[in-house]
Amino acid sequence: MPTLAGTRDGVPLIDGIDKVTGRARYTADLDHRGAFVGRMLRSPCSHGQITRLDVERARQLPGVVAVLTGEDFRVPYGVLPIAMNEYPLARGKVRYRGEPVAAVAAIDAETAERALSLIELDVRELPAYYEAAEARAADAVRIHDDKPGNLEREVHHTFGDVAAGFAAADLVREELIDCAEINHAQIEPHAALAEFDPFTNRLTMQSVSQVTFYLHLMLARCLEMDESRIRVIKPFVGGGFGARVEVLNFELVTAMLARAAGGKVAMELSREETFITHRARPQTRIRLKLGLGRDGRLRACECEVVQRGGAYAGYGVITILYAGSLLHGLYDLPAVKYDGYRVYTNTPPCGAMRGHGSVDTRHAFEVLLDRMARELGLDPFEVRRRNLLHAPTRTLNELAIMSYGLAECLDRVESASGWKARRGRLPHGKGLGMACSHYVSGAAKPIHWTGEPHAVVNVKVDWDGSVTAFTGAADIGQGSSTMVAIAVAETLGLPIEQVRVIAADSATTPKDNGAYSSRITFMVGNAAIDAARRLRGMLTEAAARRLDCDPADVECAGGRFHVTGATDRGITFEEAVKAALVDQGTLTVKGTFTCPPEAQGGKHRGGAVGSTMGFSYAAQVVEVSVDEDTGQVTVDRVWVALDCGFAINPLAVRGQIEGAVWMGMGQALMEETRYLNGMPAHASFLEYRMPTSLDSPPIDAQIVESIDPNGPFGAKEASEGALASFAPALVAAIADAVGVDLDELPATPDRILDALVARRRRQRLDAVAGGGR
Amino acid sequence: MFDPGPIPGKRLLRIRLNGRWREDAVADDQLLVDYLRDTAGLTGTKTGCDGGECGACTVLVDDEPIPSCLTLAARCEGRSVETIEGLAAGGRLHRLQQAFHEKLGAQCGFCTPGMIMAAEGLLRRQPDPSEAEIRAALAGNLCRCTGYVKIVESVRAAAAADA
């Protein structure tokens, strides 16, 4: 087990001082001198044929330097190579209210906005569908010509003998659970700065991206440019949570405007536009059936999921696959049938959001398991313990489980929350609930399969003794650059301050698949260690030459290379570097990481989705107070334990756990996007309510270290796994507090009151029926 | 037809910005946040919403935390305006900056300048705040990363540290 001396309490982020002093430059803070201002015109209707789009008057307005429409983009884009059906500006048809249809660049914002007002747009409206059921109706008009029934993708997977499983179960129950659509709501609004040099035909793009490689790829595709003429730089990014994994329309439009204007264009979206750009967690309806033995063992699971996907493909196929795939991997399930339906609707496109695809199905699963345990008189902790996995193992759908710390997570939160002594003994109106969840440490098979390693890190050492790690990984606040610095410093026996990290600039850093599916710690961390080990090998050989001994007898520690067992016979790190540079000059070494094929899931269609090198595991207990007069739910306290394999930076791990739990709380308690005839009714922070400091409880976050055999120092992901267990734990706590079972998220006061009223009505009816007997 | 309306007048604004007096010509309708970012070049103050929703633009005007996106620059005539850039002095971080850095009060960092300025406003009027007072003082500053756990810890630690 690694010691990571000096970092056991964790270290502050290496870019933390930039953030607390205001020096950190986010996209909107970059040098805008000489930049034109970009703006987009958006569709006023939800679904229709564009019959006229006249931009001539806008083009003639003095101060306007470029005007674009969908006709300027010949190539569609999308995050999945198999489902690219979106244009940066609508072509021919609009499919959601707020879809960009035209764009201008002008000398200032006022002129740009005036130009938008001069564009004439006529749309022949078509029937629009705002709910999945409407879009799937037999007589519904197709939103995309090639998709009958407005079905983007259906998935049907069966593993094991489901019928036999239900037949063997002592209790079979089925529930219908609804989860509202939510948004990432990262605090930094979307922005991009593109600079096109007409003399060299080169484009420099700076944007809020989580995956600069996808942006690079799509810029080349949609602008029909040679990839080598594009440079993508990620400045500081003010949060992502999945919003910025896919390339977004405004990024491509800004770049195209810059080329059309032959200069620099800045585009800053309003908060309303940032909400409309969306790509977040879809509204989801889950029909779930579980079979349970009296012994608490799960016998069978049948799950149908319908996701309202919005107007374009985006990540949809992956989201609907994740929803089924990650039914597996948390508990030992002998039989699972999954039917998933991803539906096109005339709402902003959904996409990936923290816990991608897995959160809502996990919610339904945990909620139903809790209710069935109650019916069988089993403790919620006990029923989980009876269904634990034992690593290493493979799930029915061929997901490899290499480490598994759920049992310890359960023990930790059961004890920390005082569950045994307090559950069922709290006064009426107060309650405790618990649930579990898990998530991948990086998708084992990347979307753009090229045969390259999953991660590459370069480490340079030079005459001045400085060590610089180059990574394409996007630090979006999660602390990935700090993780790279720790990995390199630890491997070279140096203090972290001696390692500099240069990240996410395609001109200098190696390609990376970016910040999604919690892949960076596992993949980039391993690549960083690999690079640092290779460098250590070279320095060890050089040191051995200087010390006149065998390299096998040289140890590297504490900033020195010395002969094993003789610490006085050694040289400093800087001396070893100087020795290594003789005849060689500056050294740059490369480290890589590749997920082996056996980690990449089953051979069935869609079988790669959900596959990963390591799953994180979480258990949490939520304590609530419910006001039966107002329906207001207050979260008093949360206890959570996360198995992240090994905490490379415990401070950052705790921060990620707290953030994930809190984000789960927002979804569970209040967050919800709403559309009135397709018009977003939530597109500000006043209408899209998320918890403030006053609504937020203390969170007791504990770290469980199962030491994954393949993780960097044993580490796995820490940012997503704890999110999904919040909502079901909350719903269980509400049931414990006031005896109502909530089937809908979020648990807003009106939904709580409805449930309380329904329960009272049921009780009265029961009383009447009972009185008649 | 779009009507640009009358061209706004300009006036000479004299303010004390991070301790230094300065004069700039500003439009009557210029927001303080735009003055700080575009005229004074102090981009530490952020815009996170369409007006008064998120607190990322919080600065101190005569020691009071205010949203600079809802304040006209012209209203600050003759007053003291402090931004995140003015806190560190003499080569030392301000105690709130030190605490937010060490305790991970900042993750993505976008809300951080506004959060720190709101906390500084609190500490100036209440040097030893309770947790409830800290949470109340920061209720207008949204953070999406931390769940506020380490933000509250950071403010407590700063309050406990020597000023």
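Tell me, what is the Rg over Rh of region A:395-471, with Rh the Kirkwood radius over Cα pairs?
Result: Rg/Rh = 1.26.
For region A:221-295, report the convex hull volume of the alpha-carbon atoms normalised per residue, in Å³, without decimals.
Dividing the Cα hull volume of region A:221-295 by its residue count gives 216 Å³.
Could you tell me the calculated FRET efficiency between residue A:74 and residue B:10, based on Cβ-Cβ distance and R0 = 45 angstrom, to the nearest 0.05?
That pair, residue A:74 with residue B:10, gives E of 0.50.
On a full-extension model of 0.36 nm per residue, what is the gain between residue A:582 and residue A:168, subtracting their alpha-carbon distance, rounded to one decimal in nm?
Working it through step by step, the gained length comes to 141.7 nm.
If the cut-off is a Cα-Cα distance under 15 Å, which aspartates and glutamates reach residue A:19, setting aside same-chain residues fewer than 8 apart in sequence?
Candidates past the 8-residue exclusion: A:29, A:188, A:475, B:85, B:102.
Highest mean first, how do A:126-135, B:53-62, B:22-31, A:438-447 rank when packing is the count of other Cβ atoms within 10 Å averaged over residues?
A:438-447, B:53-62, A:126-135, B:22-31
Scale the Cα Rg of region A:1-155 by the rule-of-thumb value 2.2 N^0.38 Å and send over the ratio, two decimals.
Dividing the Cα Rg of region A:1-155 by 2.2 N^0.38 Å gives 1.51.
Which value does Rg/Rh take for region B:95-160 over its C-alpha atoms, Rh per Kirkwood?
Checking Rg against Rh, the ratio lands at 0.90.
What is the mean number of Cβ atoms from other protein chains located within 10 Å of the Cβ atom of each residue in peptide B:148-159, rounded to a whole number?
Mean shielding by partner chains, rounded to a whole number: 3.
If you plug each phi of region B:40-47 into the Karplus form 6.51 cos²θ - 1.76 cosθ + 1.60 with θ = phi - 60°, what whole-Hz ³J(HN,Hα) values come out, in order, with x for Gly and Pro?
Karplus values, whole Hz, x for Gly and Pro: 8, x, 9, 8, x, 6, 9, 10.
Region A:187-266 to region A:565-587: how many Å between their Cα centroids?
Their Cα centres are 42 Å away from one another.
Using 7 Å Cα-to-Cβ label points, what is the residue A:677/residue B:63 separation (nm, one decimal)?
Each label point is offset 7 Å from its Cα along the Cβ direction, giving 5.3 nm.
When DSSP beta bridges are limited to those with both residues in the protein assembly as shown, what percentage is antiparallel, rounded to the nearest 5?
Given both bridge residues lie in the protein assembly as shown, the antiparallel proportion sits at roughly 80 percent.
Using amide H atoms built 1.01 Å from N in the peptide plane, name the residues 5+ places from residue A:700, or on other chains, whose amide H lies under 5 Å from its own.
For residue A:700, the qualifying residues are A:638, A:639, A:640.
When Cβ neighbours within 10 Å are restricted to other protein chains, what is their mean count per residue of peptide B:50-61?
Going residue by residue through B:50-61 and averaging, the value is 3.
Roughly how many nanometres apart are two label points built 7 Å out from the Cα toward the Cβ at residue A:594 and residue A:59?
Spacing of the two 7 Å Cα→Cβ label points: 5.1 nm.
What ³J(HN,Hα) values, in whole Hz, does the Karplus curve 6.51 cos²θ - 1.76 cosθ + 1.60 give for region A:619-636 when θ = phi - 60°, with x put for Gly and Pro?
9, 9, 10, 10, 10, 10, 10, 10, 8, 6, 7, 10, x, 6, 9, 10, 8, 8
Taking 25 Å as the cut-off for C-alpha to C-alpha distance, list the pairs among A:264/A:445; A:460/B:46; A:337/A:603; A:93/B:46; A:234/A:264 that go past it.
Listed pairs above 25 Å: A:264/A:445; A:460/B:46; A:93/B:46.
Distance from the Cα centre of region A:360-419 to that of region B:112-130, in angstrom?
Computed from Cα coordinates, the inter-centre distance equals 42 Å.
What does the highest-first list of A:224-235, A:13-24 look like by mean Cβ count within 10 Å?
For the peptides A:224-235, A:13-24, the packing ranking is A:13-24, A:224-235.
Rg and Dmax of region A:518-564, Cα atoms, in Å?
Final numbers for Rg and Dmax: 13.4, 45 Å.
So which GluC sites (Glu not before Pro) in region A:365-402 end up in coil per DSSP with only 13 or fewer other C-beta atoms within 10 Å?
none
For region A:201-216, in order, what is each residue's ³J(HN,Hα) by Karplus, 6.51 cos²θ - 1.76 cosθ + 1.60 with θ = phi - 60°, in whole Hz (x at glycine and Pro)?
Result, rounded to whole Hz: 6, 10, 10, 10, 10, 10, 7, 7, 5, 8, 9, 5, 5, 4, 4, 4.
Once you have the Cα-Cα distance between residue A:628 and residue A:415, take 0.36 nm times their residue separation minus that, and quote the gain in nm to one decimal.
73.8 nm
Please work out the Cα center distance from region A:643-673 to region B:1-79, rounded to the nearest Å.
If you average the Cα positions of each part, the centres end up 35 Å apart.
For peptide A:266-273, what's the mean number of Cβ atoms from other chains within 10 Å of each residue's Cβ?
Average per residue, whole number: 2.
Please compute the Kirkwood hydrodynamic radius of region A:69-153 from all pairs of different C-alpha atoms, in Å with one decimal.
15.2 Å
Mean shadow of region B:58-107, computed from the convex hull of its alpha carbons, in nm²?
Directional mean of the projected Cα hull area for region B:58-107 stands at 4.5 nm².
Just grab the label-to-label distance for residue A:603 and residue A:636, each label 7 Å out from Cα along the Cβ direction, in nm (one decimal).
Those two pseudo-labels are separated by 5.6 nm.
Over all directions, average the projected area of the Cα convex hull of region A:19-60 and note it in nm².
6.0 nm²
Taking 1 over the mean of 1/r across every pair of different Cα atoms in region B:10-85, what Kirkwood radius in Å do you get?
Taking every pair of different Cα atoms in region B:10-85, averaging 1/r and inverting gives 12.0 Å.
Arrange the peptides A:737-744, A:325-332, A:624-631 so that the one whose residues have, on average, the most other Cβ atoms within 10 Å appears first.
A:325-332, A:737-744, A:624-631
Hey, can you grab everything whose amide H is under 5 Å from the amide H of residue A:454? Only 5+ residues off in sequence or another chain; H modelled, so Pro and N-termini drop out.
A:593, A:594, A:595
Any chance you could get the radius of gyration and Dmax over the Cα atoms of the protein assembly as shown, in Å?
Considering the protein assembly as shown through its Cα atoms, Rg and Dmax are 28.2, 100 Å.
Work out the FRET efficiency for residue A:139 and residue A:468 from their Cβ-Cβ distance, taking R0 = 60 Å, and round it to the nearest 0.05.
Here the calculated transfer efficiency is 0.45.
Straight distance only, please: which aspartates and glutamates reach the Cα of residue B:10 with their own Cα at less than 18 Å, same-chain residues fewer than 8 apart left out?
A:108, A:110, B:23, B:24, B:28, B:29, B:34, B:38, B:77
Where the only charges are on Cβ atoms (+1 Lys, Arg; -1 Asp, Glu), what is the dipole of region B:10-85 about its Cα centre, to the nearest 20 debye?
Dipole magnitude for region B:10-85 comes out near 280 debye.
Compute the signed sum of charges (Lys and Arg +1, Asp and Glu -1) over the other residues within less than 10 Å, Cβ to Cβ, of residue A:718.
-1
Out of A:376, A:469, A:316, whose Cα points farthest toward the positive end of the dipole of chain A (charges: +1 Lys, Arg; -1 Asp, Glu; placed on Cβ)?
Checked the options; the winner is A:376.
Restricting things to Cα coordinates, could you compute the convex hull volume per residue of chain B in Å³?
Roughly 120 Å³ of hull volume per residue.
Every number in this text was worked out from the coordinates using simple rules, so none of it is lab data. Worth saying up front: this structure is predicted, and the values here are computed from it rather than measured. We place every Cβ from the backbone using ideal geometry, glycine too, and count neighbours over all the protein chains shown.
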